[in-house]
Amino acid sequence: MTSESDRWYDDAAGPVVRPYAMTRGRTSHAAEAKLDLIALVVSLTEDGDTDLEADRTLSPEQIDIVHLCREQATSVAELAAEVDLPVGVVRVLIGDLLEAGHVTVHQPVPPAELPDESILREVINGLRAL
């Protein structure tokens, strides 16, 4: 049994828009396979681009994401922290932006594909010997 003083009102209740409302009920996107936490998102729009704000299909959160990615590549995890939304919601929003051509996503190089340090040292030593 809850008393009248235990109920939340206004600011104490927190955000009233649930994350699934921002994604229109979607919990994943077709591009989600590309969107791991360390994937880097880069904006394809330039500063002063009025088309972005005029685009009625974009949510305010998506516009914020594009603005955050203009200056430098930003990871999905960092974007989620900056816009204060769950990572799953941010992945769906970024997927929509990717599909619309507003951003691009760069995957980090997997450690298995990086050259071995010993090979690089041998190449450097070989170059020095020339």
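Scanning segment 35-48 for residues that are modelled with pLDDT under 85 and either surrounded by 16 or more Cβ atoms within 10 Å (Cβ to Cβ) or among the aromatic types (Phe, Trp, Tyr) (or both) gives Leu35, Thr45.
Pairs linking a residue in segment 78-102 that is closer than 13 Å to Asp64 by Cβ and touching a residue at least 24 places away in the same chain (Cβ under 8 Å) to a residue that is part of a helix (DSSP H, G or I) and of a type in the set (Phe, Trp, Tyr), with Cβ atoms under 8 Å and 6 or more positions apart or on different chains, are Val89/Tyr20. Going through (1) at pLDDT below 80; (2) within 14 Å of His102 (Cβ to Cβ) one by one, Glu32 falls short only on (2). Listed by first and then second residue, the pairs with beta-carbon distance under 6 Å, at least 6 apart or on different chains, first residue in segment 103-120 and touching a residue at least 12 places away in the same chain (Cβ under 8 Å), second among the β-branched types (Val, Ile, Thr), are Val103/Val41; Thr104/Val42; Val105/Val41; Pro108/Ile38.
Looking only at segment 97-113, count every residue that is over 23 Å from Ser59 (Cβ atoms) and either charged (D, E, K, R) or surrounded by fewer than 10 Cβ atoms within 10 Å (Cβ to Cβ) (or both) and tell me the total. Show your work before the answer.
We begin by selecting, within segment 97-113, every residue over 23 Å from Ser59 (Cβ atoms); these are 106-113.
In the following step, the residues that additionally are either charged (D, E, K, R) or surrounded by fewer than 10 Cβ atoms within 10 Å (Cβ to Cβ) (or both) were identified as 109-113.
Within segment 97-113, residues that are over 23 Å from Ser59 (Cβ atoms) and either charged (D, E, K, R) or surrounded by fewer than 10 Cβ atoms within 10 Å (Cβ to Cβ) (or both) number 5.
The values are calculated or read from the model by the stated rules, or taken from the named source; none is laboratory data. All values reported here derive from a predicted model rather than from experimental measurement. Positions of Cβ are generated from backbone atoms using ideal geometry, with glycine treated the same way; all protein chains shown enter the neighbour counts.
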